[in-house]
Structure formats: C-alpha cells, structure tokens
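Heads up, the thing below is written out as structure tokens.
The values are calculated or read from the model by the stated rules, or taken from the named source; none is laboratory data. Not measured: the values here are computed from a predicted model. In this analysis, Cβ positions are derived from the backbone assuming ideal geometry, glycine residues included, and neighbour counts consider all displayed protein chains. The accessibility values were calculated without ligands, DNA or RNA, using every heavy atom of the protein model including side chains. Shrake-Rupley method; radii C 1.70, N 1.55, O 1.52, S 1.80 Å.
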Amino acid sequence: MKKSTIWIIAVIMGFSFLALLYLQFSYVEEMVKMKKEQFDESVNRSLYQASHNLEVNETLRYLEKDVNETERRAFSSDSVTVDGIGGTIKHSRQFAVAADDGTVYSSFQVKAFQMKPSTVPKAMILRRDKNSLADAVKSMQEIVRNRYVYQKALLDEVVYKILYTASDKPLRERVNFRSLDQDIRNELQNNGVNIPYHLVVSTADGREVYRCPDYSGEGEQYSYSQYLFRNDPQSKMGIVKIHFPEMSKYIFSSVRFMIPSIIFTIVLLVTFVFTIVVIFRQKRYSEIKNDFINNMTHELKTPIASISLAAQMMNDESVTKSEQMTRHLGQVIGDESKRLRFLVEKVLQMSMFDKKSVVFKKKELDLNEMVEQIAQTFTLRVEHTGGRIYTQIEAVDSGIYADEVHFQNAITNLIDNAVKYRRQDEPLDIYIRTWNDEHNHLCLSIRDTGQGIKKENLKKIFEKFYRVHTGNKHDVKGFGLGLAYVKKVIDLHQGEIRAESEVGKGTKFTIMLPVMKEE
C-alpha cells in the first residue's frame, strides 16, 4: 500500500475519532449545564417557598394570638320582651367586640320571635309562620354580614400589628431556625434535591445570626440565597444562604454513564494511532530491509565475481599461467575471500547482538595504547587524501576493562567512516583525543573534517540498517550496520556515545566510559 493511501486513511479515521470525542464531550457539557440549571431552579424555588411559608406561619401566629385576645375582650347581652296584646315573646342577643379604650370594632344582634299558639287563629299561624321564616332569613343574612365585618376588622388589626410590630423584633426572635431548616429540607426533597447542604441565616447588613451545627466551607462556590420577609423595610429583612458540599458529585452522577463510552473511544483512538505508527514503522523497516538486501547483494557480488573469475582463469587450460600470474590469482582469491568473510561476520555480529547471545572476553586494556595503534594503521590512508591524523593523549587514568576485539572494531569503524565519507578532492584531517573528565569518566573523541551530517539525519545514524541518503551517488558501499554496531558495543560496556556534526565542516563522535576494574 502506498504511503499516501495510508496517510489518507489515517487522517480520515483520526478526524472521525476526534469528531466523535468532541461530540461526546459536547453532549456531556450540555448535560452538565442542563442539570445545573435544573438544580438552580429547584433550589431557588425551594428557598422561595420556604421563605413564603415562614411569612405565612408568622401571620398565622399573629392571627391566632389576636383572635384569642379578641375573644377575651368580646361581650354579649340578652334582652326579652313580651307583647301583651299579641302574646308575642321577643328574644334578642347583642354581640360586640371592643378595644381596651372602649372603641367598638363590630357588633351584631340575633333576634327571635315566639308567639302563643292558643291566641292566634290557624290561618294567622300559617301566615305568621311565613313571616317568621322571612324574618329569620333576613336575620341570618344580617348575622353573616356582621360577622364578615367582624372578621375583616380582626384581619385589619392583625395586618396592622404585623406591619408595625413584627418587623421591629430581632430576626432571631422572628425565625425558628430548626423549623426553617426542616422546611427547606422538605421543599428540596419535594423538588428532587436530596443531597446535604449547609445553612446560614444573616441580617441584611451581613451579620450572621445562625449557622447549622455541621457547617463547613467546602462547596461555597455553589451557594444560593433568598430574602426573608421580603415586604419588610430593607434594613429589617433577613437572608438565608445554603451551599452544597457534594454539588460536584451530584452533577457528576448525572453524566457518569457517559464516562465508559468516552474511555472506550479514547482507547480506540490510542490503539488506532499506535497501529498507524506500527504500520509506518514496519513500512520503513521493510524499505530498510529491501535496501539492505540490495546493498548486501551488490557488496557480495563483487568478491564472488572476482573469486569466480580468478578460479575460472586458473582452471582454463588455454591460458598460459606463469608463476607470477598464479601467485596474483591466488592473492586475489585470498583477499576477496577475506572481504567476503568480513561482510558475513558483520551481519552475524549484529544478529548475535539482537539475540543477546554475544559473549565478551573482557580484560585489562590501555585505551591510550589502543588509540595510538589504530591511528597508526590509518595513517597511510589518511595521508593519501592529503591530510593527517592528530592524536592528543591527555587521559591519565586510561585503563579499561573491555573486550579487545569488539572495542577495537568499534573505534576502527568510526575512523573508517571518517575516511569513507570524506569530501572528495579535499584533504581529510582526523583529530583523536583522550582525557579524564570531572565525573571520573574516561573520554575519547574522534573528530574529522569530512562532509558532515544533516541534523535531521544525525539522530538516526545509530539505527540499524540506516544509511544517510547521498542522492544519486553510490560510491560508498555498506549495510548501514557500522554505527549501530558501535553503539551496541559502547552500551554493553556501560558507556555512552554521542555525535555532533555540521554539514561541510565535519563530524565529532564522543565516547564516555567508566573507569572499570577487573571483577
């Protein structure tokens, strides 16, 4: 599959996952917002109703008190008269309510008529009964009217006392805080809010007059307030405030069912991203493997062809073979065989490192001596380019405990790369230095004046099979295993290697090793 196709699929799937996550988070946000608005409305409605109930209860208390006092001040008088001519008995009762100063608020009279049946003809009894019924109806209407006036007077008096007497009392005397707390709790439950809250009652100017016993400041950001006695003068009003310590849990409980779907979506997104990364990595490894196979084929083809040609010439009887030619053909076969063995061993070494089956034969070595010997072997190759190798031996404590073959191969690979990747038609200078740093490390640096490495390639040079692209030039052969081998060797010696480079100026490799002792 083409890389562009993979990228298109990855972008589409990634955008789809992100859009799904966005929709889920938006839905959760809207649900939280809606739940918060419903909660605010329920709490405010509950507080308003509790405040209203408080005022109603105060009115009822004053009304009951006033009625009791009025009943104690009420009086009645009875009167009975007898009409001698008609034999009619008139009975009346007068009710009245008066204040302490003698002012009569209301009064009404109940009248009753009684006749002597023996003195009234039968026809007159029927007629008088009808008249008596009409008089009784009128009398009852008058009673109801008078009672209405009486009750209205009572209510006027109660309202007067509430307006001019109740508001003068302190808030602590007007409010039963336990009853208010219970009323608020009941109203909240009626509106579907059943979580703990903390209560504070204060005056209009902010003086606190009551606080619930289990009060704590947690959750004060979710607080609600309501005026008490809203029709009183502003200075006489009270304020009840409540807040909910578990408000966040309450809101979270309404969207808790969405959490698993969001988690699964995120897991799918992470898995998808990981899969895409693995696909690109495998594709890159596939490309590297193909490059490695192509490079190995070309690398092995040359010595095989040389050996085959030399063997063919030796076996061709038509070719006259002198002693010098035979010796030359034998040398060619030997050199190419060594080269072929070196290439195979290079691949086998990395395979052994990957399987962790390599065994180091460590012994006491002197890094200064090893560096000087390796530099001596490269002197002719470097001088052939017109440059020189400069050694600066400054390490005092140069003893290391290492595998001589592998460690020497690692240093050789670094110098060999400097020679192979030099700038053409320009002299190459190589600077090798050893020293001890302040952290008791033995350090080795190899710096060249070659073509250098770009920054984007510098961080990949220690990867297996990686080779820096050189455009259409293929004058330098290799498998991309040299620096990977060097890093493996340094790491297995508990050391560290880092590279610095600048295009056109050269590259510098620095190796830091602990000063080891034989175990």
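Obtain the nm distance between the two label points defined at Ser225 and Lys301 by a simple spin-label model: each point lies 7 Å from its Cα along the Cα-to-C-beta direction.
About 8.9 nm, to one decimal.
Whole-Hz Karplus ³J(HN,Hα) for segment 37-44, in order, using 6.51 cos²θ - 1.76 cosθ + 1.60 and θ = phi - 60°, x for Gly and Pro?
Values, residue by residue: 5, 4, 5, 4, 5, 5, 5, 5 Hz.
Across segment 396-402, in residue order, what do the Karplus-derived ³J(HN,Hα) couplings come to in whole Hz, using 6.51 cos²θ - 1.76 cosθ + 1.60 with θ = phi - 60° and x for Gly and Pro?
Once rounded to whole Hz, the list reads 8, 9, 10, x, 10, 10, 8.
Can you pull the accessible area of Leu21 for me, 1.4 Å probe, Å² to the nearest 10?
About 20 Å², rounded to the nearest 10.
Longer than 21 Å from Cα to Cα, which of Lys362/Lys487; Lys420/Lys464; Lys454/Lys508; Lys460/Lys508; Lys283/Lys464; Lys3/Lys487 are they? Say none if no pair is. It would help to have the intermediate numbers written out before the result.
Numbers: Lys362/Lys487 17 Å; Lys420/Lys464 19 Å; Lys454/Lys508 13 Å; Lys460/Lys508 15 Å; Lys283/Lys464 15 Å; Lys3/Lys487 30 Å.
The answer is Lys3/Lys487.
Leaving ligands, DNA and RNA out of it, work out the accessible area of Thr59 with a 1.4 Å probe and give it in Å² to the nearest 10.
Estimated to the nearest 10 Å², Thr59 gives 60 Å².
Once amide H atoms are placed 1.01 Å from N in the peptide plane, what residues at a sequence separation of 5 or more from Leu442, or on another chain, have their amide H within under 5 Å of its amide H?
The list, which skips near neighbours in sequence, is Leu513, Val515.
Compute, for Ile251, the solvent-accessible surface of its heavy atoms (probe 1.4 Å) with the complete set of protein chains present, and express it in square angstrom to the nearest 10.
Probe radius 1.4 Å; accessible area of Ile251 about 20 Å².
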